[in-house]
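The numbers here are math on the coordinates, done by the rules we state, and not lab data. No experiment lies behind these values; they were computed from the predicted model shown. When we count neighbours, we look across all protein chains shown, and the Cβ atoms used for this are built from the backbone with ideal geometry, even at glycine.
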């Protein structure tokens, strides 16, 4: 079956395999030439970074596993609130979620393939982005084998092309990944996020102005906190935790409900009909106006 193709995490190396130290990763990243940054291969004017679960998909695959095969929705939501209000690190919360899932990994992927769907407008966005030299880079706190398996299942062969930077998975000592209680999450780095998404974005920020592309990010939840301030325009999913964080931290953002509005906005920016600062300002005003009525 399709999902069995994506169980070997070691075929998806991290972007900085020689160090697990975030400080060293940043130092290494800032020295990288444009040609070594994967998304700069075609010298794009725009790059779109995105969360995966609950942003590109309509449901969060990790939440689905936890709610249905792990310790349940109540404990998961409490963990999210603890992270949002800085009572717990995302890494510790997510570790608890994944450790609570004992189902063999291949069965986890099969369950997700049967239940997780794409945002209905993402494929249209991705097709347009490919045609217009706008790389899409997935920055996820999930696990590469699951994300790749879902992308190929939902998008077909083009799902192999999308760059993924994420956590990985490995067997527990003396066990197989596909037996009960046999797998564990392997975090991307040593940060309290587990995967500090800002580490992937900052090297692009440091490019000379003549080479630096305009950067977008789309996300929905607590796993996106490290990336929220890093790009030129943040799309935050309406009624989700990332919006709460952005309001609390005064981070500029524009809300989205699905990828149709993201596509419309990015098209206008790419055509020069508006710019990221204007969109962010308008998004902030729209949010304040809507919430002043409540």
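Structure data summary
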item: Helix-derived mean residue ellipticity, 222 nm - over the chain, DSSP H n ≥ 4, -39500 (n - 2.57), to 500; result: -12000 deg cm²/dmol
item: Cα-based shape type of region 133-174, given that a ≥ b ≥ c are square roots of the gyration tensor eigenvalues and the cut on a/c is 1.5; result: oblate
item: Protection-proxy order for peptides 131-143, 272-284, each taking the mean of Cβ atoms within 10 Å per residue, highest first; result: 131-143, 272-284
item: Computed lengthening from residue 250 to residue 274, 0.36 nm per intervening residue step minus Cα-Cα distance; result: 6.4 nm
item: Zone residues, region 112-130, relative to residue 41, backbone N less than 20 Å from point 7 Å out along Cα-to-Cβ; result: 126-130
item: Cα gyration tensor shape of region 46-188, rounded if a/c is under 1.5, else prolate or oblate by comparing a/b with b/c; result: prolate
item: Extension gain (nm, one decimal) between residue 89 and residue 292, 0.36 nm per residue minus Cα-Cα; result: 69.9 nm
item: Extension gain (nm, one decimal) between residue 73 and residue 210, 0.36 nm per residue minus Cα-Cα; result: 44.6 nm
item: Alpha carbon Rg of region 206-255, scaled by the compact-globule rule 2.2 N^0.38 Å; result: 1.20
item: Relative contact order (%) - the chain, alpha-carbon pairs under 8 angstrom, separation at least six; result: 22
item: Kirkwood-Stokes translational diffusion coefficient of region 45-99, alpha-carbon pairs, 37 °C, 0.692 mPa s, µm²/s; result: 269
item: Protection proxy ranking, peptides 104-111, 173-180, 37-44, 160-167, average beta carbon neighbours within 10 Å, highest first; result: 104-111, 160-167, 37-44, 173-180
item: Size of the chain as Cα extents on the principal axes (Å, biggest first); result: 57, 49, 37
